[in-house]
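Any read-out appearing in this document is the output of simple, stated calculations on the displayed coordinates, not a laboratory observation. Note that the coordinates shown come from a computational prediction; the quantities given were computed from them, not determined experimentally. Here the Cβ positions follow ideal geometry from the backbone for every residue, glycine too, while neighbour counts run over all protein chains shown.
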2 protein chains.
Amino acid sequence: MSGNTTRQEIVAAADDLFYRHGFDHTSFAHIAEAVGISRGNFYHHFKTKDEILDAVIEKRVADRVAMMERWEIAGSTPEDRILSFVDILIVNGDKIVRYGCPIGTLTSELAKLNHTARGEANRLFGAFRTWLAQQFTAAGQAETEAHRLAMHLLMRSQGVATLLNAFHDREFAAREVELMREWVGAVLASNGDRARSAKTT
Amino acid sequence: MSGNTTRQEIVAAADDLFYRHGFDHTSFAHIAEAVGISRGNFYHHFKTKDEILDAVIEKRVADRVAMMERWEIAGSTPEDRILSFVDILIVNGDKIVRYGCPIGTLTSELAKLNHTARGEANRLFGAFRTWLAQQFTAAGQAETEAHRLAMHLLMRSQGVATLLNAFHDREFAAREVELMREWVGAVLASNGDRARSAKTT
DNA sequence: GTCTATACGCGGATAGAC
DNA sequence: GTCTATCCGCGTATAGAC
């Protein structure tokens, strides 16, 4: 909580570079250049590259949590909030075309590097997973089913991101987003039916 | 076509290491050690690392094409063949848990490295895409719809692979594979209805 | 806190002997 | 075709002056 601006700048620059070029391929020199400081100064803030990675993951988690809190405020119903998640694929379309999903690609890379921060990185997926499950639960789904639906939606989002990055086909993404929106609507509508019939009987 | 065994061994070892540790992270020393030759000897077969990458991509494409040809023989109907594709997620489950999808992860990495072989790597996805589209067409789907269905299935396969790699949850994968099988059945059944009604009217 | 200078190993790549 | 020896740049990391 020392509020060091330089440290925050380093983390922000590393976050961006790790996303665009990957963790392993990004060097201290790259980050130092992006921030505008010398390489030596670097080690006053972070002793190892892994420490920077931890800080970047921490920042990414915080950013995603903040985003989900905004969705909570903006969306009046659980369905609206879930659709905010789906819309990431459109809102961040340009970046995904170029660099893929920030969470999926980091997770994949750390898995291949067999990096110790693998588990930490999974908190990113976990944040979305539990949040989505909460929304489905709020929409009337049973606990286990809500978690399955959350995983299904996360899965489709990842799949679309991967193929959008490979094929650069925005129409494909738009089509799949529309299918996801329809799927969410159908799932929650049929549940509503069950909920209503359960009430009336 | 010189039939050099050493060359093939290098490509096979590189294929494996690129998959398990990533292209960038795999060094000449790693490959040389895996094959059991010296680093110097290496350059008699490949002048640059990129040449090895090209050869690995070529091998991967050939392997996948051969696999799809086996599916053509094994499956009597287009639906059977499509389900062979879906079942990769189960058959290769262990490897996917550890290293993800060989195609998706390579594509993502090359995108981040902004590597020239990016386009070549996309032939891997392309091979599955066109083959799946052919199967959907053979099952009675219209040309454009067949391609959309192929992309949809490829998307789901990628999404499942990514989350399977992240969460190591085999039950999740089994559940999603079952959903994909149902989806394939439903899509082809409804099409069959349309085809039948078109015939009888 | 920020800098310069530097250590040291590993990466890709080359030369040339056998 | 296979080897050893070697070049050179870049990577992480450290020491120490300002």
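Using Cα pairs under 8 angstrom and six or more residues apart, how large is the relative contact order of the stretch B:3-143, in percent?
Taking the mean separation of contacting Cα pairs over the length of the stretch B:3-143, I get 27 percent.
So if R0 is 25 Å, what FRET efficiency would residue A:183 and residue B:174 give, r being the distance between their Cβ atoms, rounded to the nearest 0.05?
FRET efficiency, residue A:183 to residue B:174: 0.80.
For residue B:24, what residues show an amide H to amide H distance below 5 Å, using hydrogens built from the backbone and excluding near sequence neighbours?
Distant-sequence amide H within range of residue B:24: zero hits.
Can you give the average number of partner chain beta-carbon atoms within 10 Å of each beta-carbon in peptide B:94-107, as a whole number?
So the per-residue partner count for this stretch is 3.
Between the stretch B:149-195 and the stretch A:92-127, what is the separation of their alpha carbon centroids in Å?
Distance between centres, Cα-based: 22 Å.
Say we join alpha carbon atoms closer than 10 Å with springs in a Gaussian network model of chain B; which of B:68, B:155, B:180 then has the biggest fluctuation?
B:155
Average projected area of the Cα convex hull of the stretch A:19-134, in nm²?
8.2 nm²
In nm to one decimal, list the spacings between the residue A:36 label point and its equivalents in the other copies, with label points set 7 Å along Cα to Cβ, shortest first.
List, nearest first: 5.8 nm.
Would you kindly derive the ³J(HN,Hα) couplings of the stretch A:27-44 from the backbone phi angles with the Karplus curve 6.51 cos²θ - 1.76 cosθ + 1.60 (θ = phi - 60°), listing them in order in whole Hz, with x for Gly and Pro?
Values, residue by residue: 9, 4, 4, 4, 5, 4, 5, 4, 7, x, 10, 7, 4, x, 4, 3, 6, 6 Hz.
In peptide B:147-156, what is the residue-averaged number of other protein chain Cβ atoms found within 10 Å of each Cβ?
Per residue, the number of nearby Cβ atoms from other chains is 5 on average.
Taking each residue in A:118-126, count the Cβ atoms of any other chain within 10 Å of its Cβ, then average. What number comes out?
Partner Cβ neighbours, averaged per residue: 1.
For every helix of n ≥ 4 consecutive DSSP H residues, a contribution of -39,500 (n - 2.57) applies; sum these over chain B, divide by its total residues, and give [θ] at 222 nm rounded to the nearest 500 deg cm²/dmol.
For chain B, the value works out to -27500 deg cm²/dmol.
Lys/Arg Cβ at +1, Asp/Glu Cβ at -1, dipole of the stretch A:1-143 taken about the Cα centre: which of A:140, A:19, A:88 is farthest positive-ward?
It is A:19.
State the residue of chain B whose Cβ is nearest the axis carrying B onto A, and the distance in whole angstrom.
Of all Cβ atoms in B, the one closest to the rotation axis yields B:159, 1.
Calculate, for residue A:51 and residue B:49, the FRET efficiency according to 1/(1 + (r/R0)^6) with r their C-beta to C-beta distance and R0 30 Å; round to the nearest 0.05.
For R0 = 30 Å, the calculated efficiency reads 0.50.
Taking a label point 7 Å from Cα toward Cβ, how far is residue B:117 from its twins in the other copies, in nm, shortest first?
For residue B:117, the inter-copy label distances come out at 2.6 nm.
Can you work out the Karplus-derived ³J(HN,Hα) for every residue in the stretch B:162-176? Use 6.51 cos²θ - 1.76 cosθ + 1.60 with θ = phi - 60°, whole Hz, and x for glycine or proline.
4, 6, 5, 5, 6, 9, 6, 9, 5, 5, 4, 4, 4, 5, 5
Gaussian network model of chain A, Cα springs within a sub-10 Å range: biggest mean-square fluctuation belongs to which of A:91, A:11, A:184?
Of A:91, A:11, A:184, the Gaussian network model singles out A:91 as fluctuating most.
Reachable aspartates and glutamates from residue A:49, Cα under 19 Å, same-chain residues fewer than 8 places away excluded?
A:9, A:15, A:16, A:24, A:33, A:58, A:109, A:120, B:24
Could you give the length gained on full extension between residue A:118 and residue A:63, defined as 0.36 nm per residue of separation minus the Cα-Cα distance, in nm?
17.9 nm
Find every distance from the label point of residue A:142 to the corresponding label point in the other copies (7 Å from Cα along Cα→Cβ) and write them in nm, one decimal, shortest first.
4.0
Give a quick list of trypsin sites (Lys or Arg not before Pro) in the stretch B:1-65 that DSSP marks as loop, anything other than H, G, I, E or B, with at most 12 other Cβ atoms within 10 Å.
Those that pass, being in a loop and sparsely packed, are B:47.
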